[in-house]
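Taking it in order: structure first as structure tokens, then the write-up.
The values are calculated or read from the model by the stated rules, or taken from the named source; none is laboratory data. Fair warning: this is a prediction, and the values are worked out from it, not measured in the lab. Glycine gets a Cβ as well: all are built from the backbone with ideal geometry, and neighbour counts include every protein chain shown. We work out accessible area using only protein heavy atoms, side chains counted, and drop any ligands, DNA or RNA first. Shrake-Rupley method; radii C 1.70, N 1.55, O 1.52, S 1.80 Å.
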Amino acid sequence: VFPGRYASSLNIPWERTLVNISDHEENGLARIYPVGEQESRVNHPEQSGYFSGSCGITYYGGNHFGKEFEQTVWVADVVLNLIHVDKLIPEGTRYSANRFYNKKEILASSDRSFRPVNMSVGPDGALYLVDMYRKVIEHPEWIPDELEKKMDLQAGKDQGRIYRIDLTSNKKQHFDFNTLKSIEDQILSLGHSNQWVRTTAQRLLIEGTLNDHQYDQLTKQLLSNSVFARLHTLWLLEIKEKLDDQSLLHALSDSNSMIRKNALIISEKFLMGYEDIFKQCLVLLRDPDPTIRMQAALSLSTINKEFFDKHENEIQEDLLNSASLPMDKWNISAIALATKHDPVNFFTRLIQQAKTVEQMNLLESLALMTGSQSKDFKSVLMTLSTTSIPDIEKKKIIEQASKNLNKDFKGVDVLPELVMLEQTKDIQLLTSLGTLRSKTGLPPSKNIFAYTKKAIDIVLDKNNPDSIRLLQMSLIDLMPFKEKSDILIKCLNNKEPVSIQEASLKQLQKQNDSSIGPRLVQSWASMGPFARRLAGDLLLYKKMYQSSLLDGLEKGIINIGEMNFDLERRRTLLWWSDNDQVKKRAEALFTDVGVVNRKDAIEKMKPALQLTGSGEKGKKVFESLCSSCHVYGSLGNEVGPVLTEINRKSKETLMQDILDPNAAAETKYISHKIELKNGEVHIGIVEAETDQSVTIKKMGGSKININKSDIHEFISLGKSLMMEGLENNMTIQEMADLLSFLQSGIE
């Protein structure tokens, strides 16, 4: 959203100023639509039909495809042999990227060796596409060794090509390169409708030598009706060091917001030498466009401390006015950065008038910038102890300020302020203050100690509201691990509220205690899908728990499919562990190629991959064997995964999913058994879980909602609801028919 150079060594609440603008992601992946029968992926089969090799990202500025293609970004996916297009839509200080076509791409090839890697807009307005053309595109490092031996990694190396993409309704245009030969023509070309022509003209003018008359011609372009001419001229004069303060001042008042933004960026080296430019920058802190307000604050953040101190009152006054206008997180960050020479003073002024959520967030951002200086941190705590903002806001501010504490900081320096703040009865604020005490070497206060002693009893008492129990979990976080280990494990039970389970796992994650691994495995069957997913990551990625994970897998307590063993997760145990015993045990469970539980069944049905199947006959097989639990188009019942778009996978992958359903079962499709206190038993998958209830979906699609207070036992059966042995109910030809149906799209 804005360059990292503005933040440099300073802290803002967000990890980075890079943001994902796609509006069409599914669980961290973006669906795309290849054509033709898909190949089996050598790794990450779950990424079939999703971006995994995006490249050649190109903004189309050719002005040749019509208005609908303006503001579009074209992205190649080299793995799935296609080009995807997104439309950019302004959204506050950023953009969102919207899918251009619904469930199809602008270009896709059934030739699996078609490998689009780069694009460029040409001077004729067409788009030129580079096709690397290779049979194998994965890097050998990410191909399992035994598969790599069978591949020709060089196939297609001499067959690359370039395509020209244009609308069929367009007449082919031929660009006359003579129009860029003279300097005068290059100046006129700065306003050309084609981006390639404009940027090429600018480059040639930068590289060339201009006389005074030509500079006069160039300066006149700042008054052009063309926004592009004004934009390119502004930067050209700046690069040539011929931009005067009056021209820049005029650009800062331009009717086009993007000209104003670019002028603000250029103005950064003029701010401390030209008062009119500095004053106009302050004016733009109140611009109607939030992007301009953000940039004005960022540009102000570049001035030095001496200049800031001289003008601090007027700068902070205008920043306060800016903070009263609508803000998003990036406006908030920019204003905080603009106060970097005296964030405490601005914090003190803002807190007196802060009312909105955004203004409270700005206070948090300012607090984050104060923690590195002891006197600043003390001032923030003093201000908090004497103001009446809600305790929950005080908690957030203290947490932000605490993140950046100097290593030499001593808690005793702020003890009077802490004691004043600890008079509160708000559990969350007390927890933050207790964490701060621990971090700065202070013992717990009597007030906090009294609350933590009661916390375990309150959490264990299920008669207490869930919200109260969850608050107490934050106090338990302050306790030594030995005193709270039992309760954390108890709270993982799937009869507990999901929020309590999550809080327990987060606390366990912070510990390095060898007893945790075995206890997680021991509790596995009683965990719900959500807790099992987080606990699985904990067992896999903390080396001291990997032996416990392997114990659970070997004994069948943990179903191997629940662990989502994609390539990297497999290699965590097979390759990257420094424990030879862990490697050997992992090799006995799976290989670098993948997880296969039912190798014999798959081998038996393999001939089906070579047979020609009938989609119509496969439809009948689906209705007979699959429709009770799966939806395909208008057929079936939604219990397990919806298969409507399953044709994104290869036939080989599909067959393995059918015959070996527990090799890679998503945790949300694991079967569970619930026994009620009245003796009723229900088996199915957990469709939804809240703190108070569980919804079970059974074979055939029927659902039942169960109150957790009515549950006697709630355990995972460790396997997918889809039963193994489906091959016993069909012939090899029927398998070929079923695969044909699933890949054909027939409903």
Region 660-685 - residue that is at pLDDT 85 or above and touching a helix residue (DSSP H, G or I) at 6+ places or on another chain (Cβ under 8 Å) and, of those, surrounded by the most Cβ atoms within 10 Å (Cβ to Cβ): Leu676
In region 120-144, the residues that are open to solvent by 10 Å² or more (accessible area, probe 1.4 Å), farther than 30 Å from Arg569 by Cβ, touching a residue at least 60 places away in the same chain (Cβ under 8 Å) and not in a loop (DSSP other than H, G, I, E, B): Ser120, Val121, Val130
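Condition first: more than 14 Å from Cys281 (Cβ to Cβ) and either in contact with a helix residue (DSSP H, G or I) (Cβ under 8 Å, 6 or more places away or on another chain) or touching a residue at least 60 places away in the same chain (Cβ under 8 Å) (or both). Now tell me which residues in region 305-315 satisfy that. Show your work before the answer.
Step one: filter region 305-315 for residues more than 14 Å from Cys281 (Cβ to Cβ), giving 305-306, 309-310, 312-313.
If the condition is that a residue be more than 14 Å from Cys281 (Cβ to Cβ) and either in contact with a helix residue (DSSP H, G or I) (Cβ under 8 Å, 6 or more places away or on another chain) or touching a residue at least 60 places away in the same chain (Cβ under 8 Å) (or both), then Glu312 is the only one that fits.
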Hits in region 401-422 (condition: under 15 Å from Thr383 (Cα atoms) and exposed (fewer than 14 other Cβ atoms within 10 Å of the Cβ)): Pro416, Val419
Selected residue (criterion: farthest from Asp660 (Cα to Cα)) from residues of region 606-637 that are among the hydroxyl-bearing types (Ser, Thr, Tyr) and surrounded by fewer than 21 Cβ atoms within 10 Å (Cβ to Cβ): Ser634
Any pair with Cβ under 7 angstrom, 6 or more apart, that starts in region 320-332 at a residue that is in contact (Cβ under 8 Å) with a residue 60 or more places away in the chain and polar (S, T, N, Q) and ends at one that is outside any loop (DSSP other than H, G, I, E, B) and open to solvent by less than 10 Å² (accessible area, probe 1.4 Å): Asn331/Met294
Filter pass, Asn494 being at negative phi, touching a Gly at 6+ places or on another chain (Cβ under 6 Å) and either in contact (Cβ under 8 Å) with a residue 12 or more places away in the chain or open to solvent by 10 Å² or more (accessible area, probe 1.4 Å) (or both): yes
First in region 643-658 and more than 10 Å from Leu742 (Cβ to Cβ) and in a helix (DSSP H, G or I), second anywhere and open to solvent by 20 Å² or more (accessible area, probe 1.4 Å) and of a type in the set (S, T, N, Q), Cβ under 7 Å, 6 or more apart: Glu652/Ser40; Thr653/Ser40
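Hey, can you tell me all the residues within region 262-279 that are open to solvent by 40 Å² or more (accessible area, probe 1.4 Å) and of a type outside the set (A, V, I, L, M, F, W, C)?
Answer for region 262-279, where residues must be open to solvent by 40 Å² or more (accessible area, probe 1.4 Å) and of a type outside the set (A, V, I, L, M, F, W, C): Lys269, Gly273, Tyr274, Glu275, Asp276, Lys279.
Just to confirm my filter: which helices (runs of 4 or more DSSP H) fall fully inside region 437-508 and include at least 2 residues that are within 20 Å of Leu421 (Cα to Cα) and hydrophobic (A, V, I, L, M, F, W, C)?
Details: elements: 446-460, 466-476, 481-490.
Filter on region 437-508 gives 446-460, 466-476.
Residue under question is Lys439, and the condition is that it be loosely packed, with under 14 Cβ neighbours inside 10 Å and in contact (Cβ under 8 Å) with a residue 24 or more places away in the chain; does it hold?
Values: loosely packed, with under 14 Cβ neighbours inside 10 Å: yes; in contact (Cβ under 8 Å) with a residue 24 or more places away in the chain: yes.
Judged against the criteria, Lys439 is a match.
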Search result, residues across region 317-329 that are assigned to a loop (DSSP other than H, G, I, E, B) and charged (D, E, K, R): Asp328
Qualifying residue in region 526-541 (condition: hydrophobic (A, V, I, L, M, F, W, C), open to solvent by 20 Å² or more (accessible area, probe 1.4 Å) and modelled with pLDDT of 90 or more): yes
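Looking at Ser48, Ser113, Ser54, which is the one that is open to solvent by 50 Å² or more (accessible area, probe 1.4 Å) and more than 30 Å from Leu190 (Cβ to Cβ)?
Values: Ser48 fails: open to solvent by 50 Å² or more (accessible area, probe 1.4 Å); Ser113 fails: open to solvent by 50 Å² or more (accessible area, probe 1.4 Å).
Exactly one of Ser48, Ser113, Ser54 is open to solvent by 50 Å² or more (accessible area, probe 1.4 Å) and more than 30 Å from Leu190 (Cβ to Cβ), namely Ser54.
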Members of region 330-368 found to be open to solvent by less than 20 Å² (accessible area, probe 1.4 Å), in a loop (DSSP other than H, G, I, E, B) and of a type outside the set (A, V, I, L, M, F, W, C), listed by number: Thr339
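Looking only at region 593-605, filter to residues that are assigned to a helix (DSSP H, G or I) and open to solvent by less than 50 Å² (accessible area, probe 1.4 Å); which one of those is farthest from Ser40 (Cα to Cα)? Outline the logic, then answer.
We begin by selecting, within region 593-605, every residue assigned to a helix (DSSP H, G or I); these are 599-605.
Retained after the next criterion (residues that are open to solvent by less than 50 Å² (accessible area, probe 1.4 Å)): 601-602, 605.
Details: Ala601: 19, Ile602: 15, Met605: 16 Å.
Among those that are assigned to a helix (DSSP H, G or I) and open to solvent by less than 50 Å² (accessible area, probe 1.4 Å), it is Ala601.
Looking only at residues in region 714-747 that are at pLDDT below 85 and among the hydroxyl-bearing types (Ser, Thr, Tyr), which one is surrounded by the fewest Cβ atoms within 10 Å (Cβ to Cβ)?
At the first step, the residues of region 714-747 found to be at pLDDT below 85 are 714-729, 743-747.
Imposing the further condition that a residue be among the hydroxyl-bearing types (Ser, Thr, Tyr) reduces the set to 716, 720, 744.
Numbers: Ser716: 23, Ser720: 25, Ser744: 15.
Looking at the filtered set, the residue picked out is Ser744.
Quick check on region 228-261: of everything there that is under 24 Å from Thr209 (Cα atoms) and free of Cβ contacts under 8 Å to residues at least 24 places away in the same chain, which residue is least open to solvent (accessible area, probe 1.4 Å)? I'd like the intermediate steps shown before the answer.
Here is the first cut: in region 228-261, the residues under 24 Å from Thr209 (Cα atoms) are 228-248.
Subsequent filtering for residues that are free of Cβ contacts under 8 Å to residues at least 24 places away in the same chain retains 237, 241, 243-244, 246.
On the way: Leu237: 2, Glu241: 154, Leu243: 18, Asp244: 66, Gln246: 108 Å².
Once the filter is applied, the top-ranked residue is Leu237.
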Which numbered condition Ser388 misses (of (1) among the hydroxyl-bearing types (Ser, Thr, Tyr); (2) assigned to a helix (DSSP H, G or I); (3) closer than 25 Å to Gln353 by Cα): (2)
From the options Lys181, Lys220, residue that is within 14 Å of Leu234 (Cβ to Cβ), among the basic types (Lys, Arg) and open to solvent by 40 Å² or more (accessible area, probe 1.4 Å): Lys220
Search result, residues across region 115-152 that are more than 29 Å from the chain's Cα centre (by Cα) and at pLDDT below 85: Asp145, Glu146, Leu147, Glu148, Lys149, Lys150, Met151, Asp152
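With the condition being of a type in the set (D, E, K, R) and under 24 Å from the mean Cα position of the chain (by Cα), I'd like the strands (runs of 3 or more DSSP E) fully within region 30-114 carrying at least 2 qualifying residues. Spell out the reasoning first.
Details: elements: 54-60, 72-77, 82-91, 94-99.
Because the criterion is at least 2 residues that are of a type in the set (D, E, K, R) and under 24 Å from the mean Cα position of the chain (by Cα), the strands (runs of 3 or more DSSP E) in region 30-114 that meet it are 82-91, 94-99.
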